[in-house]
């Protein structure tokens with residue numbers, strides 16, 4: 001899996017997880033990620049895969065991905081360090097579960113500043129790697145090793161706000177939601193350990209030994225009504 005081809009590399013895995021994960025209030029990741037751009041005109045999604053966020057924007061969406069398929073006619077082939085859009089082309093932009101998988105972050109943010117109109121909004125969604133609740137702390141022995149290696153850009157997790165500020169974006173919001181996924185049995189544990197890296201929630205280059213230990217840990221904790229924490233962090237910034 002290329003570092004320039006993040007969240008869309010395995011659409012079936014992403015679809016399964018993004019439509020299954022829920023927050024305590026019943027909300028789901030895709031509408032939550034899109035909501036800061038509800039009033040934006042044209043919205044760009046970078047490294048979008050087949051464009052799972054497209055339906056959230058009612059025809060206002062355009063996607064750029066290294067591999068542009070024929071799934072959506074608004075999906076354009078391109079890389080995040082050389083976006084195939086003119087200057088000041090969009091009102092909003094999204095990096096959804098992509099930034100920790102990308103190299104050349106300075107160049108990517110410079111390109112986003114170029115294509116965003118003045119005062120345009122950038123939304124960056126990344127996995128939330130640090131536990132915040134007692135429930136998440138109980139999972140730390142299993143989940144903490146997962147995020148220690150395998151990311152192309154580990155600083156894009158806990159340091160995402162700093163990276164935006166360094167790129168001269170004004171940080172407007174930094175929210176975190178404790179999404180969870182069902183973990184009913186050992187088979188579900190095995191599937192999650194396979195799907196989470198493919199969907200962008202866990203590192204794409206997760207070492208085999210770490211994945212094996214994570215699967216064992218999930219299987220031990222699996223059972224009816226059990227849920228796996230997969231929290232996400234959403235940063236909203238202005239150009």
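The values are calculated or read from the model by the stated rules, or taken from the named source; none is laboratory data. Model, not experiment: these values are computed from the prediction. As a convention, Cβ positions derive from the backbone with ideal geometry for all residues, glycine included, and neighbour counts pool all protein chains shown.
Annotations
- When the residues of the stretch 127-143 are filtered to those that are part of a helix (DSSP H, G or I) and in contact (Cβ under 8 Å) with a residue 12 or more places away in the chain, the one that is surrounded by the most Cβ atoms within 10 Å (Cβ to Cβ) is 143.
- Residue in the stretch 26-43 that is within 29 Å of residue 226 (Cβ to Cβ), modelled with pLDDT under 95 and surrounded by 20 or more Cβ atoms within 10 Å (Cβ to Cβ) present: no
- For residue 146, the requirement of being more than 20 Å from residue 33 (Cβ to Cβ) and under 17 Å from the mean Cα position of the chain (by Cα) is met.
- Members of the stretch 204-231 that are outside any helix (DSSP H, G or I) and in contact with a helix residue (DSSP H, G or I) (Cβ under 6 Å, 6 or more places away or on another chain): 204, 206, 222, 229
- A single member of 90, 94, 115 is in contact with a strand residue (DSSP E or B) (Cβ under 6 Å, 6 or more places away or on another chain), closer than 18 Å to residue 234 by Cα and at pLDDT 95 or above, and it is 94.
- Verdict on residue 152 being in a loop (DSSP other than H, G, I, E, B) and either over 27 Å from residue 25 (Cβ atoms) or free of Cβ contacts under 8 Å to residues at least 40 places away in the same chain (or both): yes
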